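Here the structure comes first, spelled out in structure tokens, and everything after it is commentary.
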Amino acid sequence: MKRRQFLTGAAATAGAVLSSVRAQAPREAVLRLGSQESRLPGANLKEKVANLAAWGGTGLEPHGNPWSRLAEIREALSGTEVKVSALCWGSHKGDLVSTDPDRRKKGIEDLRAALETAGELGAQGVIFVPCFHKESELPPAELDKILLDILPPLGEHAARCRTRVLLEPLNKGETFYLNRVEQAAEICRKVNSPGIALMADFYHMSREEADQAAAIVTGGPWLHHVHVATGKSRILPAQEEHSFVEGMRGLRKVGYQGWCSLECGIRKGTDPMVEIPKAFEHLREQWKLSAL
Ligand code: MG
């Protein structure tokens, strides 16, 4: 081997090692707080976003496919630090896993449209639940097959839109299918598309995961959104006893860069203008504890 070739080869090898180290070293995790649109107080979207921004929140999570509201959303966000975190889209009544081809086709078309909106808004993804209870009669193994059939083209479409489908595992009270983060991670791993990812929900995890930090680490390579609520009454953090520290430790381990978004009720008779900033402060304290 000529010396020049050798040097080039050595430099290339060192470069490859360095870049693989960089790829493996997780970035330091950040706590980005946000909320579903419907949780925020305000007479209109502009007021809701202004409240969120005043409390240090930076992620707005609208419901459904807000295509007809693009101008309203952009106007409300302009001049603030707030961005659209994700779209909370749901199951479309289980249509995407229906055995009726027309229902499935319509469900897929509507999810594709929601992905286009998410792309326009720069969102992390569109939250998708394959089915709630009573929305499918099929056994999980059959539902897995359907997802592995429909998700690859949806993932390609999502990636073209620069966003993702976010699979959301739910507790057994809401669905018999995809209850734990590792189950959604297994689907993501099999589909292997940059447009197919998952999210984690602290409320559901508190019911289904024996070790929340481990669940987050398992889902880490595909994790792009988190929902926040207490485990018992599914209300605002700090309104009842609930620790987020274990799950947050997992977020730190995977260098999580997405949002933690409120998806919760509020204790009856309490004022969201007072309670949401308290909840955010509580989450910031829990985040500090999770570093210890
Ligand atoms: Mg949720």
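So here's what we get for this one:
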quantity	calculated
For region 40-102, Kirkwood radius (reciprocal of mean inverse C-alpha pair distance, Å)	13.2 Å
Cα-centred dipole magnitude for region 3-290, charges only on beta-carbon of K, R (+1) and D, E (-1), debye, nearest 20	940 debye
By average C-beta atoms within 10 angstrom, highest first, the peptides 98-108, 146-156	146-156, 98-108
Highest-first arrangement of 86-96, 274-284, 258-268, where packing means the average Cβ count within 10 Å	86-96, 258-268, 274-284
Interchain or long-range residues, amide H under 5 Å from ARG32's placed H	CYS260
Between region 132-163 and region 79-131, the alpha-carbon center distance in angstrom	11 Å
Using θ = phi - 60° and Karplus 6.51 cos²θ - 1.76 cosθ + 1.60, couplings along region 272-285 (whole Hz; Gly, Pro as x)	x, 5, 8, 7, 5, x, 5, 4, 4, 5, 4, 5, 5, 5
Most fluctuating residue given options MET205, MET248, MET273, as computed from a GNM of the chain linking Cα atoms under 10 Å	MET273
Unsatisfied cross-links (Cα-Cα over 24 Å) in the set LYS172/LYS278; LYS48/LYS134; LYS83/LYS134; LYS172/LYS232	LYS172/LYS278; LYS48/LYS134; LYS83/LYS134
Region 3-290 - percent of accessible surface contributed by carbon and sulfur, probe 1.4 Å	52 percent
Gyration tensor (alpha-carbon) shape descriptor, region 80-135, a/c threshold 1.5	oblate
5 Å-binned pair-distance histogram of region 207-292 (Cα, whole percent)	3, 15, 25, 25, 19, 9, 4, 1, 0
Approximate spin-label separation ARG27-LYS253, in nm, with each point projected 7 Å along Cα-to-Cβ	2.1 nm
Spatial separation of Cα centroids for region 246-292 and region 212-233, in angstrom	12 Å
Along principal axes, Cα extents of the chain, largest first, whole Å	79, 49, 43
Calculated from backbone phi, Karplus (6.51, -1.76, 1.60) coupling profile of region 55-70 in Hz, x at Gly/Pro	8, x, x, 10, x, 9, 10, x, 9, x, 10, x, 3, 6, 10, 3
Packing-based ranking, highest mean first, of 157-166, 136-145, 51-60 given that Cβ atoms within 10 Å are counted	157-166, 51-60, 136-145
Estimated 222 nm signal from helices in the chain, with DSSP H stretches of n ≥ 4 weighted -39500 (n - 2.57), rounded to 500	-15000 deg cm²/dmol
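The values are calculated or read from the model by the stated rules, or taken from the named source; none is laboratory data. Note that the structure is a prediction, hence the values are computed from the model and not measured. When we count neighbours, we look across all protein chains shown, and the Cβ atoms used for this are built from the backbone with ideal geometry, even at glycine. What goes into the accessible areas is simple: the full protein's heavy atoms, side chains included, and nothing from ligands, DNA or RNA. Shrake-Rupley method; radii C 1.70, N 1.55, O 1.52, S 1.80 Å.
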